[in-house]
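Asks: This is the structure, below, for whatever I ask next.
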Amino acid sequence: MQAEIIAIGTEILLGEIVDTNSAWIAQRLPQLGIDLNYTSVVGDNKQRIDETFKRAWSRSDLIITTGGLGPTVDDMTREGICALLDEEPHIDKELELKLRSFFANRGYEMPESNLKQAWLIPSAKSINNPRGTAPGWWVERDKKIIVSMPGVPPEMERMWENEVAPTLQGLSGEVLITRTLKTVGIGEGTVDEMAQPVYETPGIGVGTYARADGVHIRIGAKGANEKEALSIMHPVEEKLEKIFGQSIWGKNEDTLEGVIAQLLVERTATVSVLETTTGGLLSSTLADAEAIGEAFLGAHVISKNKQGNSLGIDTEKGSEELAADLAKEAQSYFTSDYGVGVTGVLEGESGEHPPGTIFVAVSGPNLEQPRTLMTQMSQGRAATKRRAITTALLLLRRVILELET
């Protein structure tokens, strides 16, 4: 089954909101065995909506739309489908009753403009939306399907998980299972070369992708059902695990902070942080890991001025040496097994090193000197801080595993 996604809304084209819906849906189509060929964004303009729908209808089996199901004049998704199929809408009495009850239960009288949310056409069925007033449309005609959902993410996601995905399941006649192995410390070209032995495996697709946290290897396998696809994939996944070994830091939805939390909890070990430059982002990221529990003992966020002197550290250095001092002080101050220090120079700041230079350090049990890393990022303050956090977490993982060997 060949699919495409159309996000509808002028606010997306103006950059007022980001179209996260298309990416969210795209991630879920492979497990249904559905191939996504196109995504597009169209504004609230009837002519351009009509053109976009006609093009999609000519080339795709499944068209998924988000947005444009509201009650206002510029919500024109229904009108576009009506024009595409040359079908006249009517007000569905059951939908109208639900709408009026929705407003009455909240003590409001329903504006008559909301009646368009009770429209249906002969080829359409409504899709339940308990989180809002806009029901979706499931349209089938000429062996093609249109699924129209609201643009509000919580409404759309609930509708997809509970109504749409279960109905699409099995329609393609096959399923696609994907797995992602996340590696670190190896360049994308080298990862590609190392993975070559599995590239020609029948029924398998393998791709490599450079990401902020390393190089990801995605494996895909198709089968008549999930069991068959998994039976094709498992030998390939096992072979790649042997090839890359400890360079694989996580899989699928794993996050660095989640993996590190698990490593610490399994070893009944603890960690603490002292950070300048990053404004507490590393501490916040570690705290976001659900499994971190009592493994995270605490943190200090200090600026690179005299405030740092209360801990006895010369925070003016902004260097590899300062990062090491911060790591050792964090370990000592909180009496933790591991200490992490972060410092550097952000855009707009002056120092011995160029803006975008970050130093991270990790101290550990029986480690004479902290391990340190330097990284540079010239894409602004926010990007530099994110790179610093990723670098610190990867170094912490390395040290934890290194001290076991």
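Derivation of every value follows stated rules applied to the coordinates shown; laboratory data play no part. Treat the numbers as computed from the prediction; the structure is a model and nothing was measured. Here the Cβ positions follow ideal geometry from the backbone for every residue, glycine too, while neighbour counts run over all protein chains shown.
Asks: Please identify the GluC sites (Glu not before Pro) of the range 187-275 that satisfy two criteria: DSSP loop assignment and at most 11 other Cβ atoms within 10 Å. Which are they? Before the final figure, lay out each step's value.
Replies: Details: sites: 188, 193, 200, 226, 228, 237, 238, 241, 253, 257, 266, 275; in loops: 200, 253.
Those satisfying the criteria are 200, 253.
Asks: Short version: what are the Cα gyration tensor semi-axes of the range 256-402, square root of 5 times each eigenvalue, largest first, in whole Å? Don't skip to the end; give the middle numbers.
Replies: Working: eigenvalues 106, 53, 34 Å².
Gyration-tensor ellipsoid for the range 256-402: 23, 16, 13 Å.
Asks: Express in nm, to one decimal, how much length is gained between residue 59 and residue 347 on full extension, taking 0.36 nm for each residue of separation and deducting their alpha carbon distance. All intermediate terms of the calculation are to be shown ahead of the outcome.
Replies: Details: separation 288, 0.36 × 288 = 103.68 nm, distance 4.73 nm.
In short, 99.0 nm is gained.
Asks: Quickly estimate the mean residue ellipticity at 222 nm for the chain, helices only: each DSSP H run with n ≥ 4 gives -39500 (n - 2.57), and the total goes over all residues, rounded to 500. Write down the numbers at each step before the final one.
Replies: Numbers: 13 runs with 140 residues, N = 405.
Dividing the helical sum by the residues of the chain leaves -10500 deg cm²/dmol.
Asks: What per residue convex hull volume, in Å³, comes out for the range 2-168 when only alpha-carbon positions are used? Display every interim value, and only then the final one.
Replies: On the way: hull volume 18.5 nm³, N = 167.
Residue-normalised Cα hull volume stands at 111 Å³.
Asks: Same structure, new question: For every other residue with a beta carbon closer than 14 angstrom to the beta carbon of residue 393, add +1 if it is Lys or Arg and -1 if Asp or Glu, then tell me the sum. Before the final figure, lay out each step's value.
Replies: On the way: positive: 182, 211, 371, 385, 386, 387, 397, 398; negative: 213, 254, 257, 275, 288.
The answer is +3.
Asks: Find out how many positive minus negative residues lie around residue 188, taking Lys and Arg as positive, Asp and Glu as negative, among other residues whose Cβ is under 14 Å from that of residue 188. Before the final figure, lay out the partial values.
Replies: Working: positive: 182, 211, 218; negative: 192, 193, 213.
Spelling it out: positives minus negatives among the neighbours equals 0.
Asks: Find the relative contact order for the range 256-402 and round it to a whole percent, using C-alpha pairs within less than 8 Å whose residues are 6+ positions apart. Walk me through the intermediate numbers first.
Replies: Working: 326 pairs, mean separation 33.3, N = 147.
After rounding, I find 23 percent.
Asks: Let me ask something else. Using a Förster distance of 25 angstrom, determine the FRET efficiency expected from the C-beta separation of residue 23 and residue 255, and round it to 0.05. Walk me through the numbers on the way to the answer.
Replies: Values: r = 17 Å, r/R0 = 0.69.
With a Förster radius of 25 Å, E is 0.90.
Asks: Among 372, 159, 9, flag the residue with its Cα farthest along the positive direction of the charge dipole of the chain, charges on Cβ as +1 for Lys/Arg and -1 for Asp/Glu.
Replies: Sorting the options by dipole projection puts first 159.
Asks: Using only alpha carbon pairs under 8 Å that are at least six residues apart, calculate the relative contact order of the range 175-251 and give it in whole percent. Numbers along the way, then the final one.
Replies: Working: 124 pairs, mean separation 33.9, N = 77.
Contact order relative to length: 44 percent.
Asks: Just how many % of Cα pairs in the chain lie over 35 Å apart, if you round to the nearest whole percent?
Replies: Numbers: 38368 of 81810 pairs.
Value for the chain (Cα pairs over 35 Å): 47 percent.
Asks: Pick out, from 284, 62, 346, the residue whose Cα sits farthest towards the positive end of the charge dipole of the chain, with +1 on the Cβ of Lys and Arg and -1 on the Cβ of Asp and Glu.
Replies: Comparing the listed Cα positions along the dipole, 62 ranks first.
Asks: Something else: Could you work out which residue, out of 189, 344, 67, moves most in a Gaussian network model of the chain, that is, has the largest mean-square fluctuation with Cα springs under 10 Å?
Replies: Highest fluctuation of the listed residues: 189.
Asks: While we're here: In nm, what is the difference between 0.36 nm times the number of residues separating residue 162 and residue 83 and their Cα-Cα distance? Numbers along the way, then the final one.
Replies: Details: separation 79, 0.36 × 79 = 28.44 nm, distance 2.85 nm.
My answer for the length gained is 25.6 nm.
Asks: One-quarter of the Cα convex hull surface for the range 124-256, in nm²? Present the calculation step by step, with values, prior to reporting the outcome.
Replies: Numbers: hull surface 42.0 nm².
Convex hull of Cα atoms, orientation-averaged projection: 10.5 nm².
Asks: In addition: What is the local net charge at residue 135, summed over the other residues whose Cβ is closer than 14 Å to its Cβ (Lys, Arg +1; Asp, Glu -1)?
Replies: Summing Lys/Arg as +1 and Asp/Glu as -1 gives +2.
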